[in-house]
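The values are calculated or read from the model by the stated rules, or taken from the named source; none is laboratory data. Only a predicted model underlies this, so the values are computations on that prediction, with no experimental measurement involved. Don't worry about glycine lacking a Cβ; one is built from the backbone with ideal geometry, like all the others, and counts go over all protein chains shown. For the accessible areas, the whole protein counts, side chains as well, though only heavy atoms, and no ligand, DNA or RNA atoms are used. Shrake-Rupley method; radii C 1.70, N 1.55, O 1.52, S 1.80 Å.
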Amino acid sequence: MEDQVDSLMGSLGVQRPHLDISSIAVGGRIARVAIHLGKIRDVVFSPYQISAGESDVLAALWREGPPHELSPGRLRASVTVSSGGMTGRLDRLERAGLVARRPDPDDRRGVLVRLTDSGAGLSGQLIERYLAEQKRYLSVLAPAELERLERLLRKLMVAGEQPADKTASSA
């Protein structure tokens, strides 16, 4: 059973036989799996004109539970986006009637972002559908394989989230 990464590695091996291309076997596949998962997200959210970034915002608010409300700063931290990027996403979601902004009663300069009733309902439906589609995609793996993959990916994530000087010294 071969995939695109096998073809890529074969070509690189012929063109540059002196290079150690073994990391592509993992990195290339992780990147391509991320593309497949992104396509699943697009299939679920794009019929509603909701981009990947906007779906992240909706999911972050929905995960909070009622009243599905956060400050823009906490939202930015949750979805890892710049202040300007968050403002653009919130503007589009607000125009679509999925979120509303209101003054923060505890901070005169602050704002809170909340899912509207229709935003909460749609977000819940789309997130459930997205999770079902992810599960379908991952169903080619046995439960034990999924657990092992999860542990290995967590290990990579933790290593990647360490400060650069710490990961270099632990190598």
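Values computed for the structure shown
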{"read-out": "Label-point separation, E94 to M157 (7 Å along Cα→Cβ), nm", "value": "3.1"}
{"read-out": "Residue-averaged 222 nm ellipticity for the chain, from DSSP H runs of 4+ at -39500 (n - 2.57), nearest 500", "value": "-22000 deg cm²/dmol"}
{"read-out": "Dipole magnitude of the chain about its Cα centre (Cβ charges: Lys, Arg +1; Asp, Glu -1), debye to nearest 20", "value": "220"}
{"read-out": "Relative contact order [Cα under 8 Å, 6+ residues apart], the range 1-144, whole percent", "value": "20"}
{"read-out": "Virtual spin-label span in nm between S23 and S46, 7 Å along Cα→Cβ", "value": "3.1"}
{"read-out": "Listed residues G160, G124, G27, most fluctuating in the chain (Gaussian network, C-alpha, under 10 Å)", "value": "G160"}
{"read-out": "The range 13-171, accessible surface, carbon-and-sulfur percent (1.4 angstrom probe)", "value": "57"}
{"read-out": "Lys/Arg +1, Asp/Glu -1 at C-beta; the range 47-122 dipole; positive extreme among P72, A59, A120", "value": "P72"}
{"read-out": "Largest to smallest accessible area among K135, K39 [probe 1.4 Å]", "value": "K135, K39"}
{"read-out": "The chain - accessible surface per residue (Å², probe 1.4 Å)", "value": "68"}
{"read-out": "GluC sites (Glu not before Pro) restricted to the range 71-171 and DSSP loop, no more than 10 other C-beta within 10 Å", "value": "E161"}
